[in-house]
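The structure appears below as structure tokens.
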Amino acid sequence: MKIQAAVTHAKGEDFTIEKVTLAAPKSNEVLVRIVATGVCHTDAVARDLGISPYPIVLGHEGSGIVEQIGENVTSLEVGDHVVLSFAHCGQCENCLTGHPTVCARFNELNFGGRMEDGTCRLHQGDTELATFFGQSSFGTHVVAHERNVVKVDKDVDLALLGPLGCGIQTGAGTVLNRLKPKFGTSIAVYGCGAVGLSAIMAAKIAGCQQIFAIDVHESRLQLAGELGATHALNGKEVDVVKEIKEASRGGTHYAVESTGVPPVVRQCLHALRPLGQAAIVGVTPEMNIDVHNDLMAEGKSMIGVIEGDSVPRVFIPKLVEFFKAGKFPFDRLVKFYRFDQINQAFDDSANGTAVKPVLRLA
């Protein structure tokens, strides 16, 4: 079928909306009409750094309605409202033990440019277009494996839900699925974008007594306070480590680092108390750490967390229920854009104008 999609032809190029041919769903796959899709930093990385082959249709936070199902699909029906999440094999040891975010084939299936069976579903004439995250949701329709398609409640505005497939799932899941903070403990969240603010909301759900928000944008710090942070620290204006250690009486029990900025990563380690745990979720370049003084000497832990260590078909419906109950107001992060405003949405995400841009396709 013919669809409209935002195509990235070469490294660093702007998105252009073009006509594309999408193949029909095969066994265990579904065709989804995209209603909206989130703009994520990972899309910008793929556009600018060449982590996937070009030309490519990016997008990996899609939400939409199932229009067609392939053979052997058992978990979805035509008309279902769905959120699309990351691709995973469902067969390796990590997938089978509830950790599909570290699937043995994760990089291949999400960044390799092809579907699980090794084929491309998107074409322009004789040219194959690479697929991203098993979905390529910067298009009016996608084909995806039912394994990474999550059925959601029809009572909630479907246009809001796409970011649950990656960024918001990452922040909330890092707290609720991996760190699992004990009631009454303290946590610091470094970076108050969509991932960090989702972590703050999750920390409030978990019952953390002190929730420190660290950023350099006052508007985001104000929003963090409204969403549950008990302390807001501007990294440009205060000594973050000193302030946290004084307010928490020795450092936080947990930290979530979402900026990927090496000096901030060090801050998150230095502001932990002995036995504290730091979860790194930002894309961080090569950097130096004093393993003895920053970690081992005080029994601290630093872990990497991908996609919130979530099982999407279990965790995303839980987030929707928290949202319906008023406990997870992630809609306050969202700013909508028309599909033809995709380049503006990426610019606004980069400069901090928008916390979580979402493109409306329908």
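Cβ-Cβ distances below 7 Å connect the following pairs, each with a first residue in the range 202-224 that is touching a residue at least 60 places away in the same chain (Cβ under 8 Å), a second residue that is outside any loop (DSSP other than H, G, I, E, B) and of a type in the set (F, W, Y), and a separation of six or more residues or different chains: I205/F322.
From the list A279, A325, exactly one residue is within 21 Å of L176 (Cα to Cα) and surrounded by 23 or more Cβ atoms within 10 Å (Cβ to Cβ). Which is it?
The match here is A279.
Determine if the range 249-265 includes at least one residue that is closer than 24 Å to A297 by Cβ, over 24 Å from the mean Cα position of the chain (by Cα) and surrounded by 24 or more Cβ atoms within 10 Å (Cβ to Cβ). Within the range 249-265, one or more residues are closer than 24 Å to A297 by Cβ, over 24 Å from the mean Cα position of the chain (by Cα) and surrounded by 24 or more Cβ atoms within 10 Å (Cβ to Cβ). You will find that of N148, N177, the residue that is touching a residue at least 60 places away in the same chain (Cβ under 8 Å), out of contact with any Asp or Glu (no Cβ under 6 Å at 6 or more places or on another chain) and either more than 23 Å from A345 (Cβ to Cβ) or not assigned by TED's automatic domain parsing to the domain that holds I56 (or both) is N148 and no other. Among the aliphatic types (A, V, I, L, M), in contact with a His (Cβ under 7 Å, 6 or more places away or on another chain) and surrounded by fewer than 22 Cβ atoms within 10 Å (Cβ to Cβ) - does that describe any residue in the range 54-76? Yes, that holds for at least one residue. Could you list, in sequence order, the residues of the range 312-345 that are closer than 17 Å to L197 by Cα, in contact (Cβ under 8 Å) with a residue 60 or more places away in the chain and out of contact with any strand residue (DSSP E or B) (no Cβ under 9 Å at 6 or more places or on another chain)? The answer is L319, F322, F323, K327, F328, P329, D331, R332.
Screening D309, D348 for residues that are surrounded by 15 or more Cβ atoms within 10 Å (Cβ to Cβ), free of Cβ contacts under 8 Å to residues at least 40 places away in the same chain and not aliphatic (A, V, I, L, M) leaves exactly one candidate, D348.
Taken together, the criteria exclude A229 from residues that are crowded, with 19+ Cβ neighbours inside 10 Å, in a strand (DSSP E or B) and of a type outside the set (D, E, K, R).
Anything in the range 114-140 that is under 19 Å from the mean Cα position of the chain (by Cα), touching a residue at least 60 places away in the same chain (Cβ under 8 Å) and not in a strand (DSSP E or B)? List them, or say none.
Answer for the range 114-140, where residues must be under 19 Å from the mean Cα position of the chain (by Cα), touching a residue at least 60 places away in the same chain (Cβ under 8 Å) and not in a strand (DSSP E or B): F132, F133, Q135, S136, S137, F138.
The values are calculated or read from the model by the stated rules, or taken from the named source; none is laboratory data. The structure presented is a predicted model; accordingly, all values stated were derived computationally and were not measured. We place every Cβ from the backbone using ideal geometry, glycine too, and count neighbours over all the protein chains shown.
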